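The values are calculated or read from the model by the stated rules, or taken from the named source; none is laboratory data. Computed from a prediction, not measured in an experiment: that's the story for all the values here. Cβ coordinates were reconstructed from backbone atoms using ideal geometry, including for glycine residues, and neighbour counts include every protein chain displayed.
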Amino acid sequence: MTMNVFAHHRGWEDRRRVVVDGIARLAPDVALLQEVVVTDRYDQARDILGEAFEIHHQPGPSADGVGATIASRWPMELVLETGLDDDDPSWIGSLAVARVHGPERIGTVLVAHHKPTWLPAGESERERQAVRAARELERIVEREPLPVILAGDLDAQPDAASVRFLTGRQSLDGMSVKYHDAWAVRHPDAPGHTLSPANAIRSD
């Protein structure tokens, strides 16, 4: 499961009940969360996931503690953690890769949490970040030929170059990869909206 929790914005107490109930129904084994608040006194990821998960918070949250988290019910080891922007080494532009040991029917997989810049006018940066993330993953897979699950908050439209690159519909910087969109594979005739103006709880 991947989800932008949207920190404590827009009626968090009401949203918290919906989020906690929804996660309980989905019962994900691996959860990648964006915009979660983590401070010395409060851990929003732990608050909504409960105690069954091993949790790793990616470094470099914003000044108010908002960052990204990778969590797993199954044992995991961190393989890589890196910023994706050398000029601005903040959490906005980060990649975390964990080796996750699933049950025998699934086996060991690499789970990559990709969080590019969110800026609406930042597509050129998202393109560079997508390529850098893909190259980092290729280097890992050369050493460990394991299946890769790439997820996160991609902050782009499906037809944006960064998403087209990740889904094998376009090359960038002399490189091409092919990650299958899990929703499109499972629901080929259904729209895969992740943010809609019809949702009253959204940022302006």
task = Please name all residue pairs, on different chains or six or more residues apart, with Cβ atoms under 6 Å, provided the first residue is in the range 1-26 and is at negative phi and the second residue is of a type in the set (S, T, N, Q).
result = Asn4/Gln34
request  = Would you mind stating whether Asp155 is among the acidic types (Asp, Glu), at pLDDT below 95 and more than 30 Å from Ala190 (Cα to Cα)?
outcome  = no
query = Can you name every residue in the range 1-40 that is within 28 Å of Gly102 (Cβ to Cβ), of a type in the set (Asp, Glu) and either more than 15 Å from the chain's Cα centre (by Cα) or modelled with pLDDT of 95 or more (or both)?
reply = Asp21, Asp29
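Is it the case that some residue within the range 160-177 is outside any helix (DSSP H, G or I) and at pLDDT below 95? If you could, list the steps in order and put the result at the bottom.
Step one: filter the range 160-177 for residues outside any helix (DSSP H, G or I), giving 160, 167-177.
If we keep only those that are at pLDDT below 95 too, we end up with none.
No, that holds for no residue.
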ask   = Taking the condition at pLDDT 95 or above, farther than 22 Å from Leu166 by Cα and either out of contact with any Ser or Thr (no Cβ under 7 Å at 6 or more places or on another chain) or not in a strand (DSSP E or B) (or both), does Pro89 pass?
value = no
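In the range 39-57, what residues are surrounded by 19 or more Cβ atoms within 10 Å (Cβ to Cβ) and under 20 Å from Leu78 (Cα atoms)?
Step one: list which residues in the range 39-57 are surrounded by 19 or more Cβ atoms within 10 Å (Cβ to Cβ), which gives 44-45, 48-49, 53, 56-57.
Across the range 39-57, the qualifying residues are Ala45, Leu49, Phe53, His56, His57.
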message = Checking the conditions here, which among Gly168, Gly174 is touching a Phe, Trp or Tyr at 6+ places or on another chain (Cβ under 8 Å) and more than 22 Å from Gly107 (Cα to Cα)?
response = Gly168
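Can you work out which of the residues in the range 71-85 that are among the charged types (D, E, K, R) and in a strand (DSSP E or B) is surrounded by the most Cβ atoms within 10 Å (Cβ to Cβ)?
First, the residues of the range 71-85 that are among the charged types (D, E, K, R): 73, 77, 81, 85.
Checking which are in a strand (DSSP E or B) leaves us with 77, 81.
On the way: Glu77: 11, Glu81: 16.
Filtering first and then ranking leaves Glu81.
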request  = State whether one or more residues within the range 57-70 are among the charged types (D, E, K, R), out of contact with any helix residue (DSSP H, G or I) (no Cβ under 8 Å at 6 or more places or on another chain) and outside any loop (DSSP other than H, G, I, E, B).
outcome  = no
task = Scan the range 47-75 and report the pairs whose first residue is at negative phi and whose second residue is in a helix (DSSP H, G or I) and surrounded by 20 or more Cβ atoms within 10 Å (Cβ to Cβ), with Cβ atoms within less than 6 Å and a gap of 6+ or a chain change.
result = Ile55/Ala45; Thr69/Ala45; Ala71/Leu49
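Take Glu104 and tell me if it is surrounded by fewer than 21 Cβ atoms within 10 Å (Cβ to Cβ), more than 13 Å from the chain's Cα centre (by Cα), outside any helix (DSSP H, G or I) and not basic (Lys, Arg).
Details: surrounded by fewer than 21 Cβ atoms within 10 Å (Cβ to Cβ): yes; more than 13 Å from the chain's Cα centre (by Cα): yes; outside any helix (DSSP H, G or I): yes; not basic (Lys, Arg): yes.
Answer is yes for this residue.
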note = Pairing a residue in the range 126-155 that is more than 16 Å from Gly168 (Cα to Cα) and surrounded by 21 or more Cβ atoms within 10 Å (Cβ to Cβ) with any residue that is at pLDDT 95 or above and of a type in the set (Lys, Arg), where Cβ atoms lie under 6 Å and the two sit 6 or more apart in sequence or on different chains, gives none
query = Which members of the range 107-125 meet the condition of being within 16 Å of the chain's Cα centre (by Cα) and within 20 Å of Ser171 (Cβ to Cβ)?
reply = Ala112, His114, Pro116
